[in-house]
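Structure first, then comments.
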Amino acid sequence: MKKKYLIVVANYYADIANGLLKSAKDILPKLNTIKTINVPGVFEIPVTISKNIKKYDGFLALGCVIKGQTPHFDFISQTSTDAIMKLAIESKKPIGNGIITCLNMKQAMARKKKGSEAAKAVISVLSQK
């Protein structure tokens, strides 16, 4: 059965975001409807998914947060993760969390193919009976 997917990508780190998006799209079944919305940062991902929750079967949240000198990293990472989980549970729709949290750019570059794992998770939940 054909499914509709929405991928919300935070493009703050464009190279990382493009890698996450490409790896996710490589996994999603080609015959399905796939729409991508770009947002400035990961903080905007949950509200964008929420605005579109009734229009799609599954969602991917893709982006990157790199630790800096302040606690901002911790707040953004935790708040985004909590909001995504709450949306998934309340809507009973799968949201693959492909937001990578890294200590530096080297770690982020090494993980930019992690979008595929988020896509596999959504496909798995959608295939449950």
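Considering (1) under 17 Å from Tyr12 (Cβ atoms); (2) of a type in the set (S, T, N, Q); (3) part of a helix (DSSP H, G or I), the lone condition that Ser116 does not fulfil carries the number (1). Per the listing Asp57, Asp26, the residue uniquely among the acidic types (Asp, Glu), within 14 Å of Lys93 (Cβ to Cβ) and in contact with a helix residue (DSSP H, G or I) (Cβ under 8 Å, 6 or more places away or on another chain) is Asp57.
Only the coordinates and a few stated rules stand behind these numbers; no lab work does. Bear in mind the structure is a predicted one, so any value in this text is a computation, not a measurement. Positions of Cβ are generated from backbone atoms using ideal geometry, with glycine treated the same way; all protein chains shown enter the neighbour counts.
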